[in-house]
Amino acid sequence: MKKKKQPAKKMINYRDLSPDEQAKMEKDMGFGVDHGPRPDPAPFAHKLKAERLRAGLTQTECARLLDVSLHTICKWEKGASALSLTQEAALGRLRAAKPATPSLQQQLSAMPRAKLERLAASLVKKKGARDEQAR
């Protein structure tokens, strides 16, 4: 006994529908449904940046650690995206990160001015010696 083939469903063009039919279709698909207020992303943005700085990470290093793009970190820190489970998990991983050794910029800013000047002079002297050898 052969089964009868079901007739193919006809494609519906949204523009061909009446306004009532369009509204029904939108309602059935969940468009225009109020899902309640979205959480404010600002508190997360401040927490993320504070945790990143506590760990001594740049945005690029933080992105690598959390396995997201640099653009994503920037958006999160600006509060441009709503809080999600991904962000909550990221914040947890960042909190678990051990504070890194101070960055070069932090080390240099903590040095006394006289020591910085001596360091700069020695670097200039070394660069001059290398330039002379290259000639």
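Here the 3J(HN,Hα) profile of region 44-54, calculated from phi with Karplus coefficients 6.51, -1.76 and 1.60 at θ = phi - 60°, is 5, 4, 5, 5, 4, 5, 4, 5, 5, 5, 4 Hz, Gly and Pro shown as x. Reducing region 56-74 and region 106-128 to their Cα centroids gives an inter-centroid distance of 30 Å.
Scoring 60-73, 118-131 by mean Cβ neighbours within 10 Å over their residues and listing the highest first yields 60-73, 118-131.
Here, each number is a calculation from the coordinates, and none is a lab measurement. Since the structure is predicted, the reported quantities are computational estimates derived from the model, not experimental observations. Every residue, glycine as well, gets a Cβ built from its backbone with ideal geometry; the counts of neighbours run over all protein chains shown.
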